[in-house]
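The values are calculated or read from the model by the stated rules, or taken from the named source; none is laboratory data. Note that the structure is predicted; figures quoted are calculated from it, not measured. Accessible surface is based on the protein model in full, side chains and every heavy atom, while ligands, DNA and RNA are left aside. Shrake-Rupley method; radii C 1.70, N 1.55, O 1.52, S 1.80 Å.
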Amino acid sequence: MKISIIGTGYVGLVTGACLAELGNEVACVDIDKNRVSTINSGASPIYEKDLEPMLKRNVTAGRLRATADLGEAVNATDISFISVGTPSGVLDYIDLKYVEKVSSDVGKILKDKNSYHLVVVKSTVLPGTTEYSVLPLLEKNLGKKAGSDFGVAMNPEFLREGNAVEDFMHPDRIVIGGIDKKSTKILLELYKDFKCPVVTTNPKTAEMIKYATNSFLVTKISFINEIGNVCKLLGIDVYEVAKGLGMDSRIGEKFLNAGVGFGGSCFSKDVKALVGKAKEVYYRPIILSAALEVNEAQPLRLVESLEKKAGSLKGTDVAVLGLAFKPGTDDMREAPSIKIIHALLKKGARVHATDPKAINEAKKIFEKHERLLYYDSADEAVKHAKYVLIVTEWNEFRRKELYKGKVVIDGRRIEEARAADEYEGLCW
Ligand code: NAD
């Protein structure tokens, strides 16, 4: 099939590369010209396992190209995926400005296109957005009603950064919310070789499945962190508790790793947006708000534990192992490391930070600070500090030698760190 992907961030680029790998002809569109030329050179503008070789293979084979020319890409294809960002907006609702801009622009382009075109929303959008924002904008600018000339569908994405290519290629399920049978049928054809179950539904339900999924995961993480906080006070190892808990088939073992909490571009943004949406219809979601509250406080507990050991942090050298919100990515959006480093700097500590992939991202997030120093390797970072905080569970940090002679507060349960002179787990 001929497909254009609008927005080549984590979701768009992975979607584009994987669909090209499956034999489709893909045009990736982005307003960021640097991104476009990087992709066309066969390199990846983001770090994501297995992505770069896949991009290179498909660019070389002529199945994937990038362009900043939306009109050219839409006209040359039959399906357009909208995968631009949907950041938090006013009062935590999502900011639809990118989705709306693309919807209007695509509508204008399709006005002069003679063949049927399917527009698919892949960005995470609140229930009702595809039908009541995207579709009307397309119709208004196209001057035609959706149906025979063009179709619309919502197809949420569940990939995890750090494992995005594998997740896209082998999803647990695919959700398709078409506005009509024709729209749904085209996506069923596109995904026909995937072995997973496919849920076909209406756009609003498809949108809600994505929000319900992220809300459940967030709740599960905050739940185990809260149990961990109580375990710590009671002298119980929460990881032993989680093992026994996760054996219950109703609960499952995944997402029960207590620690400094979740980050990433999606979890807190999506749950906050759903809380906002619920309030709009006069419902106050107690569980979701509490899950967010637990997560807000969790990273700072690491700093509190450090203060209990070190006393005042003024002038204290502290190594921070891990900046990315999780291993396998350079993404620092909402990473716990941000709150932790801000708190350390505020309390007067000298921070020696390291991460295998995210140092460049960190330099964009933190203003230059004389007490914030970056190191390419963990060995270098720990050399300068007696106190070590483990914030991201990169495999690079799983070496006993790193911790000898140190005082470690572990936010991610790195067993090797127990080789430290003094070791303390955040919730164990
Ligand atoms: P991102 O911020 O990494 O990328 C968005 C891209 O869109 C950027 O490259 C930007 O330049 C481009 N863009 C903005 N306006 C554009 C326009 N008018 N035309 C063309 N390109 C434009 O975003 P992301 O992390 O890939 O997320 C995209 C969507 O997918 C969001 O709604 C997000 O919530 C959702 N999502 C993200 C993940 C994830 O793990 N990152 C997982 C599932 C769903």
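Observations
- Part-to-part distance (alpha-carbon centres) for region 305-340 and region 5-65, which is given in Å: 33 Å
- Taking every alpha-carbon pair within the chain, the share separated by more than 40 Å comes to 23 percent.
- Met169, Met1, Met247, ranked by accessible area, largest first (probe 1.4 Å): Met247, Met1, Met169
- Relative to the longest principal axis of the Cα atoms of the chain, the long axis of helix 51-60 lies at roughly 30 degrees.
- Against the main long axis of the alpha-carbon atoms of the chain, helix 97-111 sits at an angle near 20°.
- In the chain, helices alone account for a calculated mean residue ellipticity at 222 nm of -13000 deg cm²/dmol, with every DSSP H run of four or more residues adding -39,500 (n - 2.57).
- Most fluctuating residue given options Glu370, Glu416, Glu100, as computed from a GNM of the chain linking Cα atoms under 10 Å: Glu370
- Per residue, the chain exposes an accessible area of 45 Å² to a 1.4 Å probe, with every protein chain left in place.
- Degrees, to the nearest 10: 286-310 long Cα axis against longest axis of the chain: 30 degrees
- Measuring only protein heavy atoms, the 1.4 Å probe finds Tyr132 accessible over about 140 Å².
- Spatially, region 240-281 and region 119-194 are offset by 25 Å when compared through their Cα centroids.
- Measuring nothing but protein heavy atoms, the accessible surface of the chain at 1.4 Å probe radius is 52 percent carbon and sulfur.
- Shape of region 2-201, Cα gyration tensor, a/c cut at 1.5: rounded
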